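Some notes on the structure that comes next.
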Amino acid sequence: MTRSSSDPQSTGTASQPVLSGGPERAASLDEALSAAPDLDTRLRLIAGQIEGRVAFSTSVGIEDQAVFAGIASAGLPFDVFTLDTGRHFPETYETLEATTARYGRSIRVVFPDAQEVEALVARDGIMGFRQAVENRISCCDVRKVRPLNKALAGAAGWITGLRREQSAGRAHVPFAEWDAKLNLVKLNPIADWSLETLEQYIESNTVPVNPLHAQGFPSIGCQPCTRAIRAGEDIRAGRWWWENEEGKECGLHNRPKVKEAAA
Ligand code: SF4
């Protein structure tokens, strides 16, 4: 029987499965993951240490492609899904198709609530996210955050492809941290990877990647909200480029500022 996360007897060690709950457990897993030598070991550690459903949300971007390759190659039973906002580049859908064909493993496609999208577009217009930051946040909320929260409901762990190098806001991303809001352990198994390490992994494992990466798009989101970047620009400068730098996250990976300041 699965114990609840608040069960004081749930005291797993590195050799025993740990349960989903609590910042202490997340800290212990963070330490174990930081000592693990490679992605395969880290993913197997996650599978062995977390009891319950572990979800992996892929954007089909290059980081997530590497993580998915690791998951698929190891045959790990994670719940892999992607959010279809309805506004992706055609190349993103082609990459999704090529990926499932390459690994012979399906990726669950999660859609936003149709009525919520209709109401949003009726209120703000089809390109309303360019008119005001509030509109953009509403659009990300309806098309991404709510579907994500729905897909993660009941999960014990959530794997992402976040890397510390990606932006100043991600500079302190840990390997594992307790997400009290979602009531799960958030896991970032390639948090410490450099771009060079990532590209080497992709090349040596012949992982399919979105062709837009080679056209100046290091970070690929929705088509109307992503542009290619120029030499010297921040990796995420092409996302919502009409807004100020501060707070340029879609809400999927927001981290508490106090925690980042303390890290
Ligand atoms: S990235 Fe743009 S189109 Fe996509 S959900 Fe956010 S505001 Fe909407």
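The values are calculated or read from the model by the stated rules, or taken from the named source; none is laboratory data. None of these values were measured; they are calculated from a predicted model. In this analysis, Cβ positions are derived from the backbone assuming ideal geometry, glycine residues included, and neighbour counts consider all displayed protein chains.
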(message) Among the residues that make up the stretch 94-116, is at least one of them buried (at least 17 other Cβ atoms within 10 Å of the Cβ), over 22 Å from Arg53 (Cβ atoms), among the hydrophobic types (A, V, I, L, M, F, W, C) and out of contact with any Phe, Trp or Tyr (no Cβ under 6 Å at 6 or more places or on another chain)?
(response) no
(request) Scan the stretch 81-134 for residues that are within 20 Å of the chain's Cα centre (by Cα) and of a type in the set (Lys, Arg) and jot them down. (result) Arg87, Arg105, Arg108
(request) For the stretch 248-262, indicate whether the set of residues that are modelled with pLDDT under 95, farther than 20 Å from Tyr93 by Cα, among the basic types (Lys, Arg) and assigned to a loop (DSSP other than H, G, I, E, B) is non-empty. (result) yes
(request) From the list Arg227, Arg163, pick out the single residue that is closer than 28 Å to Met127 by Cα, charged (D, E, K, R) and either within 16 Å of the ligand (Cβ to nearest atom) or in contact with a Leu (Cβ under 8 Å, 6 or more places away or on another chain) (or both). (result) Arg227
(message) Please go through the stretch 172-194 and give me each residue that is within 15 Å of the chain's Cα centre (by Cα) and free of Cβ contacts under 8 Å to residues at least 24 places away in the same chain, ordered by number.
(response) Asp179
(request) Kindly check whether there is at least one residue in the stretch 154-162 that is out of contact with any His (no Cβ under 7 Å at 6 or more places or on another chain) and free of Cβ contacts under 8 Å to residues at least 60 places away in the same chain. (result) no
(request) Looking only at the stretch 123-147, count how many residues are closer than 25 Å to Thr58 by Cα and of a type in the set (Gly, Ala, Ser). (result) 1
(request) Would you confirm whether any residue within the stretch 180-196 is within 11 Å of the ligand (Cβ to nearest atom) and in contact with an Asp or Glu (Cβ under 8 Å, 6 or more places away or on another chain)? (result) no
(message) Conditions first: (1) surrounded by fewer than 20 Cβ atoms within 10 Å (Cβ to Cβ); (2) away from the ligand (no atom under 16 Å from the Cβ); (3) within 30 Å of Glu199 (Cα to Cα). Glu91 passes all but one, so which condition is the exception?
(response) (2)
(request) Go through (1) within 16 Å of the ligand (Cβ to nearest atom); (2) surrounded by fewer than 14 Cβ atoms within 10 Å (Cβ to Cβ); (3) aliphatic (A, V, I, L, M) and name the single condition Ala171 misses. (result) (1)
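Can you tell me which residue is farthest from the ligand (Cβ to nearest atom) among those in the stretch 138-154 that are of a type in the set (A, V, I, L, M) and crowded, with 17+ Cβ neighbours inside 10 Å?
Step one: of the stretch 138-154, the residues of a type in the set (A, V, I, L, M) are 142, 145, 148, 151-153.
Subsequent filtering for residues that are crowded, with 17+ Cβ neighbours inside 10 Å retains 142, 145, 148, 151-152.
On the way: Val142: 7, Val145: 9, Leu148: 11, Ala151: 15, Leu152: 17 Å.
Step by step, filter the stretch 138-154, then rank; the result is Leu152.
Please find, within the stretch 110-152, the residue that is nearest to Phe78 (Cα to Cα) out of those that are among the acidic types (Asp, Glu) and assigned to a helix (DSSP H, G or I). Talk me through it step by step, then tell me what you get.
Going residue by residue through the stretch 110-152, those that are among the acidic types (Asp, Glu) are 113, 116, 118, 124, 134, 141.
Now drop any that are not assigned to a helix (DSSP H, G or I), which leaves 116, 118, 124, 134, 141.
Numbers: Glu116: 29, Glu118: 32, Asp124: 37, Glu134: 34, Asp141: 25 Å.
Among residues in the stretch 110-152 that are among the acidic types (Asp, Glu) and assigned to a helix (DSSP H, G or I), the one nearest to Phe78 (Cα to Cα) is Asp141.
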(request) Report yes if some residue within the stretch 124-131 is aromatic (Phe, Trp, Tyr), within 11 Å of the ligand (Cβ to nearest atom) and more than 28 Å from Asp30 (Cα to Cα); otherwise report no. (result) yes
(request) Given the conditions (1) within 16 Å of the ligand (Cβ to nearest atom); (2) over 15 Å from the mean Cα position of the chain (by Cα), report the number of the one that Gln200 does not fulfil. (result) (1)
(request) Would you please list the contacts, defined by Cβ atoms under 9 Å and residues six or more apart or on different chains, that run from a residue in the stretch 125-152 that is farther than 19 Å from Phe111 by Cα and at pLDDT 95 or above to a residue that is among the aliphatic types (A, V, I, L, M) and more than 8 Å from the ligand (Cβ to nearest atom)? (result) Gly128/Leu120; Gly128/Val121; Asn135/Leu120
